[in-house]
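All remarks here apply to the structure that follows.
The values are calculated or read from the model by the stated rules, or taken from the named source; none is laboratory data. For clarity, every value in this text was computed on a predicted model and none was experimentally measured. In this analysis, Cβ positions are derived from the backbone assuming ideal geometry, glycine residues included, and neighbour counts consider all displayed protein chains. For accessibility, only protein heavy atoms count, side chains too; no ligands or nucleic acids. Shrake-Rupley method; radii C 1.70, N 1.55, O 1.52, S 1.80 Å.
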Amino acid sequence: MGRFINPFTDWGFKRLFGQEFSKELLISFLNDLLDGEVKITNVIFKDKERLGPTRDQRGLIYDVYCETDEGKRFILEMQNKWQPYFFDRSICYASRSILEQVERSKTEKEGAYLFLPVYYTVCFLNYRQREDGFTKFRTDIVLADKEDGTIASDKLRFIYLAMPLFDKEVDECVTDFDKWIYVLKHMEALSRMPFTAQKDVFKQLEEYADIHHLNKKEDEAYQNSLWVARDYAAIMSAAEREATEYGLAQGLKKGMKKGMEKGMEKGMKKGMEKGMEKGMEKGRTEANRQTALRLLAMGLAPQQIAEATQLSLDEVKALQAN
């Protein structure tokens, strides 16, 4: 086991970026992320533990109110982990949150739309998939005129950080933001925290991320979150293999009928979509079985395990019998 936690487990992500005691880390990260745009002086956690609508913990989402040195405020939503069709999902999440803000404002003041907040969405993508469409590490999306790029509104902003596409080595990290991303990407494998002599915030990060500083309850929570993250990685790997195999088969079948070039393109796309769904379901079931086995070994009751893993009670009892 390495010295530092995995920051992209739900528990690890919340410890570093979603707690009062560590909010200086979040402020520092956001100021480096938005360097030259705003200067954040304080953050207020609105919802520290809002998960997506599914029960498989596919991405911690939480909102914070950010206050700048100029007295301005904006809402930031942070999302962790990749999900299928991530780009479309992030738009839906942001739209839902904006509508919630408007509905609340309607009960407090007239002309709620005049008080529409500035809304930032920052997304960490930790898995690379064919259909995500990202070809570079950082992608910034704004509402702008298509022809000349003039910003039409500052109310909505998306920042996507595709971690697998960040390939700088430690000595190539010149900006503070590069240093943040390098540390987060490699943290679980590091034996010591780099950049501590260059920026004090990394000394804080070293303290909060050190596994040896966790108490028993924190360590148990982290280990459970780590299991979930590894199970999800296995699901994604299985889904990718299934999608590839299914997509190739469907592409070849349709390609023979409609012309190899055109048919392969359409068949691959349709096959990949169906294969991804099929593979995700297959991988999720296997991950739930492995989780159930671990929980049985810990002495939990079959009924509790069935509720936690979405397996049937008969399936859990069958695992127990074996």
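Numerical summary
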{"read-out": "Subset of segment 151-197 [of a type in the set (S, T, N, Q) and part of a strand (DSSP E or B)]", "value": "153"}
{"read-out": "Failed criterion for residue 268 (all others in (1) outside any helix (DSSP H, G or I); (2) at pLDDT below 70 hold)", "value": "(1)"}
{"read-out": "Number of positions in segment 294-311 that are in a loop (DSSP other than H, G, I, E, B) and surrounded by 11 or more Cβ atoms within 10 Å (Cβ to Cβ)", "value": "4"}
{"read-out": "Any hit, segment 59-71, residues being over 27 Å from residue 222 (Cβ atoms), among the hydroxyl-bearing types (Ser, Thr, Tyr), at pLDDT below 70 and under 14 Å from the mean Cα position of the chain (by Cα)", "value": "no"}
{"read-out": "Cross-chain or 6+ apart pairs with Cβ under 8 Å, segment 305-317 first and more than 12 Å from residue 286 (Cα to Cα), then of a type outside the set (Ser, Thr, Tyr) and at pLDDT 85 or above", "value": "306/313; 306/315"}
{"read-out": "Residue count, segment 141-156 (criterion: at pLDDT 90 or above and at negative phi)", "value": "11"}
{"read-out": "Set 238, 233: member being of a type in the set (Gly, Ala, Ser), open to solvent by 30 Å² or more (accessible area, probe 1.4 Å) and modelled with pLDDT under 95", "value": "233"}
{"read-out": "Subset of segment 187-216 [surrounded by fewer than 14 Cβ atoms within 10 Å (Cβ to Cβ), free of Cβ contacts under 8 Å to residues at least 60 places away in the same chain and farther than 21 Å from residue 23 by Cβ]", "value": "197, 198, 216"}
{"read-out": "Filter pass, residue 148 being in contact with a strand residue (DSSP E or B) (Cβ under 7 Å, 6 or more places away or on another chain) and without any contact (Cβ under 8 Å) to a residue 60 or more places away in the chain", "value": "no"}
{"read-out": "Out of 42, 6, 31, sole residue that is closer than 30 Å to residue 307 by Cβ and either at pLDDT 80 or above or assigned to a helix (DSSP H, G or I) (or both)", "value": "6"}
{"read-out": "Qualifying residue in segment 174-183 (condition: modelled with pLDDT under 90, open to solvent by 40 Å² or more (accessible area, probe 1.4 Å) and more than 23 Å from residue 20 (Cα to Cα))", "value": "no"}
{"read-out": "Subset tally (residues that are of a type in the set (D, E, K, R), touching a residue at least 60 places away in the same chain (Cβ under 8 Å) and surrounded by fewer than 21 Cβ atoms within 10 Å (Cβ to Cβ)) for segment 9-33", "value": "2"}
{"read-out": "Number of the exception - residue 188 against (1) within 23 Å of the chain's Cα centre (by Cα); (2) modelled with pLDDT of 95 or more; (3) of a type in the set (Asp, Glu)", "value": "(2)"}
{"read-out": "Where residue 134 falls short, out of the listed (1) open to solvent by less than 60 Å² (accessible area, probe 1.4 Å); (2) within 20 Å of residue 26 (Cα to Cα); (3) at pLDDT 70 or above", "value": "(2)"}
